[in-house]
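Enquirer: First the structure, which I've put down as structure tokens, then a few questions once you've had a look.
The values are calculated or read from the model by the stated rules, or taken from the named source; none is laboratory data. What you see is a predicted model, and the numbers here were worked out from it, not measured in a lab. Glycine also receives a Cβ, built like all others from the backbone with ideal geometry; neighbour counts cover every protein chain displayed. The protein model used for the area step is the full one, side chains on, heavy atoms only, and it has no ligands, DNA or RNA in it. Shrake-Rupley method; radii C 1.70, N 1.55, O 1.52, S 1.80 Å.
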Amino acid sequence: MNRRTFLRRTIPSAGLLAVGCGAILEGCESIPSMPEPTARPLLRMPRTLDATGALLTAGAAELDLGDHASRAWGYDGSIPGPTLRARVGAEARIRLLNHLAEDTTLHWHGMVVPASMDGHPADPVASGAAFDYAYPIVQRAAMNWYHPHPHGRTGRQVWRGMAGAFILDDPVAEAGLPSGDREVPLLLRDGRLDGSGQLEYRHRSSGLIGDFPIVNGVPYPRAVLPPALHRLRVLNAANARVFRLALSDGSSFTLIGNDGGLLERPVDIDEIELAPAERVDLLVDLSRYATGDTVALRCRRAAPRPRARGVVPGPVPLRRPRTRLPVGAGVEGHRPPRGRRARRRRDPVRRLRRRLPAPLPQAGARGRRDDAQLRGDVRGAGHGRAARFAWRRTR
């Protein structure tokens, strides 16, 4: 599945955030592995945990697909994991229990943490073991996220559902912004099912692209929101997909933050593009809609990459054309002249009239004090930093 077919189905997709109900992401392909249901399920909000004393258990989970459930992995049995929250300046203390049958870690994406607490692949948590992560929060308020980072297994574990948001709060910097029910975290990703209806992971060097949308662990969701100003905390948790978000009616919204926290001043935009792992902080004013109206946060086709200068578009040959060589030609395509007897090549050094000079011992030539080195007088040569060779002049 390519991006064009994905976005062809995401017209009313990315999020029905209106006074009425709305779709949050639509199908990714004309024939997705999970077709869009007749009635979209409601968007679910992950539960919130205090990051100053949280316990996360990595283990089995289920992805609700409506008529059946797919086997998955997650934290505390949910997809995505609980949303961790803490204030700037607090001390984060999170214990990880690994109930998987393989190693895992907890990586704090976007957080400023000591190397020993960053969930590096060199610090795995073995199956059945536990690890206590503790570090001070010394950064600005922002939306970050956590996910596993074991060596060679990161993509597969995240694809199976192991991810969650980590929101840092600053009451002073965020004064006046929507909060509570008007603050909506959205973890966007895509999925793919195998022939038995289970979440399927296929390793790709360029990343895995799914064929149906999942938001907050709910495929094809819808949301019912009151007519007010809402703050959307959006994360692209997909493996490789790029989301280009816009409102279905073309209305503008306000960008107030990104990966690094709140911007110096808000920016009014009508669309925004998110690569995997990127986060944005958006304000969407739904008070301009009447009760019962619907509007979607849709996903458009991603912008094409700029073409390099001097590159002319056109077909690329699959292989170089073959060069026809005469029978008996050598490796380089050269046939020796007829009648010339093959003779052994002589060493070109032996053909010189004068013998080559022998190199002097390595030493550094530096300034006038080492002129003797350059003249070939080894006894009077000094030693410098740069190692060079000098040769005697012979006649």
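Enquirer: Which residues, taken from the stretch 180-199, are farther than 30 Å from I137 by Cα and touching a residue at least 40 places away in the same chain (Cβ under 8 Å)?
Expert: First, pick out the residues of the stretch 180-199 that are farther than 30 Å from I137 by Cα: 190-199.
Those that are farther than 30 Å from I137 by Cα and touching a residue at least 40 places away in the same chain (Cβ under 8 Å): D190, G191, R192, L193, D194, G197, Q198, L199.
Enquirer: A further question on this structure: Provide a single number: the residues in the stretch 219-236 that are open to solvent by 20 Å² or more (accessible area, probe 1.4 Å) and in contact with a Phe, Trp or Tyr (Cβ under 9 Å, 6 or more places away or on another chain).
Expert: Looking only at that region, the number is 1.
Enquirer: How about the stretch 245-286: which of its residues are in contact with a strand residue (DSSP E or B) (Cβ under 8 Å, 6 or more places away or on another chain) and not in a strand (DSSP E or B)?
Expert: Across the stretch 245-286, the qualifying residues are S248, S252, D259, D270, E271, A275, P276, A277, E278, L286.
Enquirer: Can you tell me how many residues in the stretch 201-227 are farther than 29 Å from T48 by Cβ and in contact (Cβ under 8 Å) with a residue 12 or more places away in the chain?
Expert: Step one: filter the stretch 201-227 for residues farther than 29 Å from T48 by Cβ, giving 202-209, 211.
Now drop any that are not in contact (Cβ under 8 Å) with a residue 12 or more places away in the chain, which leaves 203-204, 206-209, 211.
Qualifying residue count for the region: 7.
Enquirer: Check N216, N258 and return the single one that is of a type in the set (S, T, N, Q), open to solvent by less than 40 Å² (accessible area, probe 1.4 Å) and under 30 Å from A173 (Cα atoms). Break it down into steps so the answer makes sense when it comes.
Expert: Numbers: N258 fails: open to solvent by less than 40 Å² (accessible area, probe 1.4 Å).
That would be N216, the only listed residue that is of a type in the set (S, T, N, Q), open to solvent by less than 40 Å² (accessible area, probe 1.4 Å) and under 30 Å from A173 (Cα atoms).
Enquirer: Please enumerate the residues belonging to the stretch 39-59 that are surrounded by fewer than 14 Cβ atoms within 10 Å (Cβ to Cβ) and farther than 24 Å from I167 by Cα.
Expert: Within the stretch 39-59, A39 is the sole residue that qualifies.
Enquirer: Now for a different question. Could you check how many residues of the stretch 164-181 are among the charged types (D, E, K, R) and either at pLDDT below 95 or closer than 29 Å to S70 by Cα (or both)? Show your work before the answer.
Expert: At the first step, the residues of the stretch 164-181 found to be among the charged types (D, E, K, R) are 169-170, 174, 181.
Subset that is either at pLDDT below 95 or closer than 29 Å to S70 by Cα (or both): 181.
Total satisfying the criteria: 1.
Enquirer: Are any residues in the stretch 134-160 open to solvent by 40 Å² or more (accessible area, probe 1.4 Å), out of contact with any Pro (no Cβ under 7 Å at 6 or more places or on another chain) and either on the phi > 0 side of the Ramachandran plot or without any contact (Cβ under 8 Å) to a residue 60 or more places away in the chain (or both), and if so, which ones?
Expert: First, pick out the residues of the stretch 134-160 that are open to solvent by 40 Å² or more (accessible area, probe 1.4 Å): 136, 138, 140, 149, 151-153, 156, 160.
When the remaining residues are screened for being out of contact with any Pro (no Cβ under 7 Å at 6 or more places or on another chain), the result is 136, 138, 140, 152-153, 156, 160.
Selection gives P136, V138, G152, R153, R156.
Enquirer: Now a separate question. Could you check V234 against (1) more than 30 Å from R202 (Cβ to Cβ); (2) outside any loop (DSSP other than H, G, I, E, B) and say which number it fails?
Expert: The one condition V234 does not meet is (1).
Enquirer: Considering only the stretch 96-133, state which residues are surrounded by 14 or more Cβ atoms within 10 Å (Cβ to Cβ) and aliphatic (A, V, I, L, M).
Expert: Once the filter is applied, which keeps residues that are surrounded by 14 or more Cβ atoms within 10 Å (Cβ to Cβ) and aliphatic (A, V, I, L, M), the stretch 96-133 yields L96, L97, L100, L106, M111, V113, M117, V125.
Enquirer: Which numbered condition trips up I31, out of (1) more than 25 Å from the chain's Cα centre (by Cα); (2) at pLDDT 95 or above; (3) surrounded by fewer than 16 Cβ atoms within 10 Å (Cβ to Cβ)?
Expert: Here I31 clears every test but (2).
Enquirer: Looking at the stretch 69-89, which of the residues that are under 23 Å from the mean Cα position of the chain (by Cα), part of a loop (DSSP other than H, G, I, E, B) and not aliphatic (A, V, I, L, M) is surrounded by the fewest Cβ atoms within 10 Å (Cβ to Cβ)?
Expert: Per the criteria, the residue is P82.
Enquirer: Please go through the stretch 154-188 and pick out each residue that is under 15 Å from the mean Cα position of the chain (by Cα) and among the polar types (S, T, N, Q).
Expert: The answer is T154, Q157.
Enquirer: Among the residues of the stretch 161-179, what is the count of those that are in contact (Cβ under 8 Å) with a residue 24 or more places away in the chain and surrounded by fewer than 22 Cβ atoms within 10 Å (Cβ to Cβ)?
Expert: First, the residues of the stretch 161-179 that are in contact (Cβ under 8 Å) with a residue 24 or more places away in the chain: 161-171, 173-174, 177-179.
Add one more test, that the residue is surrounded by fewer than 22 Cβ atoms within 10 Å (Cβ to Cβ), and what stays is 167, 169-171, 173-174, 177-179.
Of the residues in the stretch 161-179, 9 are in contact (Cβ under 8 Å) with a residue 24 or more places away in the chain and surrounded by fewer than 22 Cβ atoms within 10 Å (Cβ to Cβ).
Enquirer: Let me ask you something else. Testing R279 on (1) open to solvent by 50 Å² or more (accessible area, probe 1.4 Å); (2) under 21 Å from the mean Cα position of the chain (by Cα), one condition comes back false. Which one is that?
Expert: Single failed check for R279: (1).
Enquirer: With the condition kept exactly as written, say whether any residue in the stretch 197-206 is surrounded by fewer than 20 Cβ atoms within 10 Å (Cβ to Cβ), more than 25 Å from the chain's Cα centre (by Cα) and modelled with pLDDT under 95. Please lay out each step first, then the result.
Expert: Restricting attention to the stretch 197-206, the residues satisfying the condition of being surrounded by fewer than 20 Cβ atoms within 10 Å (Cβ to Cβ) are 197-198, 200-206.
Next, from what is left, pick out any that are more than 25 Å from the chain's Cα centre (by Cα): 197.
Those still in the list that are modelled with pLDDT under 95 too: 197.
Yes; the residues of the stretch 197-206 include at least one that is surrounded by fewer than 20 Cβ atoms within 10 Å (Cβ to Cβ), more than 25 Å from the chain's Cα centre (by Cα) and modelled with pLDDT under 95.
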